[in-house]
Amino acid sequence: MKPFRDTWLVFQRQMLLVRRTPIRLVIGITQPIAYLLLFAPLLKPALAPMGATSYADAYRIYVPGLLVVLVLLSGLFTGFGLLAELRAGIIERSRVTPMSRFALLLGRALSEVATLMGQAVLITLLAIPFGLTVSIGPLLLAYLMLALMGLMASALSYAVALVIRSPAALGPLMNTVSQPLALLSGVLLPLALAPHWLVSIARWNPFYWATNGTRALFAGHVDDPSVWQGMLVIIVLTVLAVLWSTRLFAQRVR
Amino acid sequence: MIKTSGLRKSFTVKKGATVDAVRGVDLDVTEGEIFGFLGPNGAGKTTTLRMLSTLLVPDGGEATIAGADLRGDPGQVRMRIGYVAQGGGTTDEVTAREELVLQARMYGIGKTEARERANTALDAFQLTEYADRPCATYSGGQRRRLDIALGVIHHPRVLFLDEPTVGLDPQSRAHMWDEVRRLRADGMTVFITTHYLEEADALCDRIAIIDHGTIVAEGTPDDLKREISGDVVTVGIEGSTQHAADLLRDKDDVQRLETIDGGLRLYVDDSSTAIPQILRALDGAGIEFGKLELHRPSLDDVFLTKTGRQMRES
Ligand SMILES: Nc1ncnc2c1ncn2[C@@H]1O[C@H](COP(=O)(O)OP(=O)(O)OP(=O)(O)O)[C@@H](O)[C@H]1O
Ligand SMILES: [Mg+2]
């Protein structure tokens, strides 16, 4: 019970910080919204090869991709926050208390996820006037998948931050990793247009599976195989990433 | 209350290069005292404190804190101690009240009780006025008081304070000393590091001086200074000092005596018994005497004798 209570406590505390600096939410969300607005007129013709025959179809393909980019990129940069808190002694202060070490990290990651999900909901709502239609059940499942992706990205980012310890090195490293990951999951440019060799590389990218699953859910195809495949890939990787980062945290934060 | 033996820690800084930050520290801190850990920059104070507060695993040695074994039961140690880091650790965006409630909750205290404790702590540390302002707006002294309030919210039996008065003006420093004395009056054992000699002298019941990771002296500030040369008394004498010097030279308490301009300087074991003896002797012989001054050797002298360096220069 204690690890859960502690996680909840850390979560609440981090959410308080988010509420105090709402500007962070806005910054994170401007890029996806800009993409949503700018590419709107191009969507139907551009996504025709993926089977989009109407704007509603196009948005069902485009919006989930946008949301995957959001959770992936924002999630991968959460390590900066952790390094800042380490430097400010905030984490040290909680480490002399009997708080569970696991909770100190997981609570933080979950608060990042909650923030990302708030942004994801906002983007979805904004896309509705453009013609996006989704049914609520599959949408909730899609959000679950996105939340897991965010948790995994955030845990990975924490782990890498704990290994390299330098904000100056973390930025370029995360950029190098996240760009190909995002492109190779076909989030913005559909991989249906890509040559065969590119698709076979993409199949090694877990986010490719997750993106396909999310798209299927937005289209309402809950029984599409890509849904359980994507879910399985993401659950396994999330568990591994969380275990890795919490272990590193317990060992390396000295 | 705190007992350590052979505590040590080295850091690997680059490949192959290590820093022996703490090299075998033995301490015995009694319940209810303010124990000062005095040493220059880089002496190993923070490293020792971080080991004692479970933040760093020692490379060797043992420690028991408030009855809990540091290696065997760090969880219990955490429950029984409070720790205030050298740099503090408050968040700019939240208020003192929020920080205090959260800190109490981190020790497993329930919501209602946590709020009450926060109120009490705000009162005790004179923070009520600023309680609902973000920490970013606090002055250095207010922030430091909050740091300490956070460190004691769970009523620990031992409190570790790492350089609590660095950067404070003399008034805030004196204020901080009063806070620390108040905590001792409540029965807390306070372990405080400092590199201010005056602070160690004025505030601490006992001190240990650490240099290059080893303890070079330990005792009450008075004992340590007495160990050096006892006390120094100067007394102004009207007219010839010869007669007075002959008279005082053989007194039990007087170790050594020098003639100075307009009087005598006497090195004595203990001024509290020596001064009455001196005065009685001079008075009895009808010698007119003027100003009498007592100088105690400072901790600076202690540090100098133990390490061959002056603390302020190192
Ligand atoms: N994490 C670390 N990695 C490498 N070296 C360290 C680390 N922490 C401390 N040291 C080194 O150990 C030595 C003791 O440092 P420590 O912080 O304990 O000194 P201190 O007595 O607290 O000094 P100050 O008065 O400046 O706070 C120093 O030489 C310091 O550079
Ligand atoms: Mg220090």
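So for segment B:34-47 (the condition being within 15 Å of ligand 1 (Cβ to nearest atom), surrounded by fewer than 22 Cβ atoms within 10 Å (Cβ to Cβ), without any contact (Cβ under 8 Å) to a residue 40 or more places away in the chain and within 23 Å of A:Arg13 (Cα to Cα)), does at least one residue qualify? There is no residue in segment B:34-47 that is within 15 Å of ligand 1 (Cβ to nearest atom), surrounded by fewer than 22 Cβ atoms within 10 Å (Cβ to Cβ), without any contact (Cβ under 8 Å) to a residue 40 or more places away in the chain and within 23 Å of A:Arg13 (Cα to Cα).
For segment B:263-290, filtering for residues that are out of contact with any Asp or Glu (no Cβ under 6 Å at 6 or more places or on another chain) and modelled with pLDDT of 80 or more leaves 19. Every listed requirement among (1) within 14 Å of chain B (Cβ to nearest Cβ); (2) within 19 Å of A:Ala182 (Cβ to Cβ) is met by A:Arg95 save one, (2).
Of all residues in segment B:84-104, none satisfies being away from ligand 1 (no atom under 16 Å from the Cβ), more than 25 Å from A:Arg20 (Cβ to Cβ) and without any contact (Cβ under 8 Å) to a residue 60 or more places away in the chain.
Based on what the data block shows, is B:Ser240 within 30 Å of B:Asp178 (Cβ to Cβ), small (Gly, Ala, Ser) and not assigned by TED's automatic domain parsing to the domain that holds B:Gly6? Answer is no for this residue. Checking the structure you have, find out if any residue of segment B:80-95 is more than 18 Å from B:Tyr138 (Cα to Cα), at the interface with chain A (Cβ under 7 Å from one of its Cβ atoms) and not hydrophobic (A, V, I, L, M, F, W, C). Taking every residue of segment B:80-95 in turn, at least one turns out to be more than 18 Å from B:Tyr138 (Cα to Cα), at the interface with chain A (Cβ under 7 Å from one of its Cβ atoms) and not hydrophobic (A, V, I, L, M, F, W, C). Restricting segment A:178-187 to residues that are hydrophobic (A, V, I, L, M, F, W, C) and more than 14 Å from the chain's Cα centre (by Cα), the residue that is surrounded by the fewest Cβ atoms within 10 Å (Cβ to Cβ) is A:Leu183.
The set of residues in segment B:48-64 being touching a strand residue (DSSP E or B) at 6+ places or on another chain (Cβ under 7 Å), more than 11 Å from ligand 1 (Cβ to nearest atom) and either farther than 23 Å from B:Met188 by Cβ or within 12 Å of chain A (Cβ to nearest Cβ) (or both) consists of B:Leu52, B:Ser53, B:Pro58, B:Asp59, B:Gly60, B:Gly61, B:Glu62. Residue count for segment B:180-238 under the criterion of being crowded, with 16+ Cβ neighbours inside 10 Å and under 25 Å from B:Leu266 (Cα atoms): the result is 16.
Can you tell which of A:Phe80, A:Phe102 is open to solvent by 20 Å² or more (accessible area, probe 1.4 Å) and over 20 Å from B:Gly87 (Cβ atoms)? Being open to solvent by 20 Å² or more (accessible area, probe 1.4 Å) and over 20 Å from B:Gly87 (Cβ atoms) holds for just one of A:Phe80, A:Phe102, which is A:Phe102. Based on this model, can you work out whether B:Ile260 counts as under 37 Å from the mean Cα position of the chain (by Cα), open to solvent by less than 30 Å² (accessible area, probe 1.4 Å) and among the β-branched types (Val, Ile, Thr)? Against the criterion (under 37 Å from the mean Cα position of the chain (by Cα), open to solvent by less than 30 Å² (accessible area, probe 1.4 Å) and among the β-branched types (Val, Ile, Thr)), B:Ile260 does not qualify. The set of residues in segment A:12-60 being within 13 Å of chain B (Cβ to nearest Cβ), in a helix (DSSP H, G or I) and open to solvent by less than 40 Å² (accessible area, probe 1.4 Å) consists of A:Arg13, A:Gln14, A:Leu16, A:Leu17, A:Val18.
Can you name the residue in segment B:149-197 that is of a type in the set (Asp, Glu) and within 16 Å of ligand 1 (Cβ to nearest atom) and, of all such residues, is nearest to the other protein chains (Cβ to nearest Cβ)?
If we take residues in segment B:149-197 being of a type in the set (Asp, Glu) and within 16 Å of ligand 1 (Cβ to nearest atom), then B:Asp162 is nearest to the other protein chains (Cβ to nearest Cβ).
The values are calculated or read from the model by the stated rules, or taken from the named source; none is laboratory data. Fair warning: this is a prediction, and the values are worked out from it, not measured in the lab. Cβ: placed from backbone, ideal geometry, glycine included. Neighbour counts: every protein chain shown. Keep in mind that these areas ignore ligands, DNA and RNA; they rest on the heavy atoms of the full protein, side chains included. Shrake-Rupley method; radii C 1.70, N 1.55, O 1.52, S 1.80 Å.
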